[in-house]
Amino acid sequence: MRDQPSHPPPSEDVLEIGSPGQFAALAHPLRQRLLFALGHRPATVSGLAAQLGAKKGNVAHHVKVLREAGLVHVTETRQVRGGTEQYYQRTARRMVVAEPQAAGTAAMFAAVAQELDLSPTEHHLTLRHLRLTPAKARELGAALAKLVDEAEEDAEDEPVHGVLVALYQQPPPTGPAGGAMDAAGG
């Protein structure tokens, strides 16, 4: 018997990450992978453990941390074999980090690296440095965000693909005398 409707959409379209608790929750690669896994459909702790190849107790702990930080919530409960099974889902379809912090950024990249290593197919990964005016950088950022936001998803039985988009300005490198150095290929 279900207490809530099956597979409701995330309650928010965009959640802005900004509290210390949310940054702490994002600072672990397994929690990042859990958020990735919960991006399309609700799942139980057992289902997540099987999907990610992790121990059920470990997954339960990390789901609890994500729930306490407001990043996931219970969408459905069912009575099974004398117990209650809970289905979790992200609270938002998209999460935006307002002011990235080093620990959260490092955890996110570590989680993406794990996802890439486990990918059963070839993937595309490119790092390129461009010299752009502030206006062109804003324009490129808006175009990238629009491209990702407008990407149409295929049927639910198709494989899930991760998309990571980052546009950032590098700090100016300094040489021994404090002058700017030219990086090769920059």
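The values are calculated or read from the model by the stated rules, or taken from the named source; none is laboratory data. Keep in mind that this is a model prediction, so the values were computed, not measured. Reconstructed Cβ throughout: ideal geometry from the backbone, glycine too, with neighbour counts over all protein chains shown. We work out accessible area using only protein heavy atoms, side chains counted, and drop any ligands, DNA or RNA first. Shrake-Rupley method; radii C 1.70, N 1.55, O 1.52, S 1.80 Å.
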Please identify every one of the GluC sites (Glu not before Pro) in the range 55-140 that sits in a loop by DSSP and has no more than 11 other beta carbons within 10 Å of its own beta carbon.
-> 122
What is the pair-distance distribution P(r) of the range 86-143, computed from all Cα-Cα distances in 10 Å bins starting at 0, with each bin given as a whole percent?
-> 15, 29, 44, 11, 2
In terms of Cα to Cα distance under 18 Å, which lysines are near enough to residue 55, apart from those fewer than 8 places away along the same chain?
-> 64
Return the carbon/sulfur percentage of the accessible area of the range 29-76, one whole number, probe 1.4 Å, all protein chains in place.
-> 52
Where N is the number of residues in the range 49-132, Cα Rg divided by 2.2 N^0.38 Å = 1.44
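Per 0.36 nm of contour for each residue apart, how much would the distance between residue 61 and residue 157 grow if the chain were fully extended, relative to their Cα-Cα spacing?
On the way: separation 96, 0.36 × 96 = 34.56 nm, distance 2.89 nm.
The span from residue 61 to residue 157 would gain 31.7 nm if fully extended.
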Hz values of 3J(HN,Hα) by residue in the range 136-147 - Karplus curve (6.51, -1.76, 1.60), Gly and Pro given as x | 5, 5, 4, 4, 5, x, 5, 5, 5, 4, 5, 4
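Could you provide, to the nearest whole Å², the per residue accessible area of the range 42-176 with probe 1.4 Å?
Values: 9960 Å² over 135 residues.
With all protein chains present, the range 42-176 gives 74 Å² per residue.
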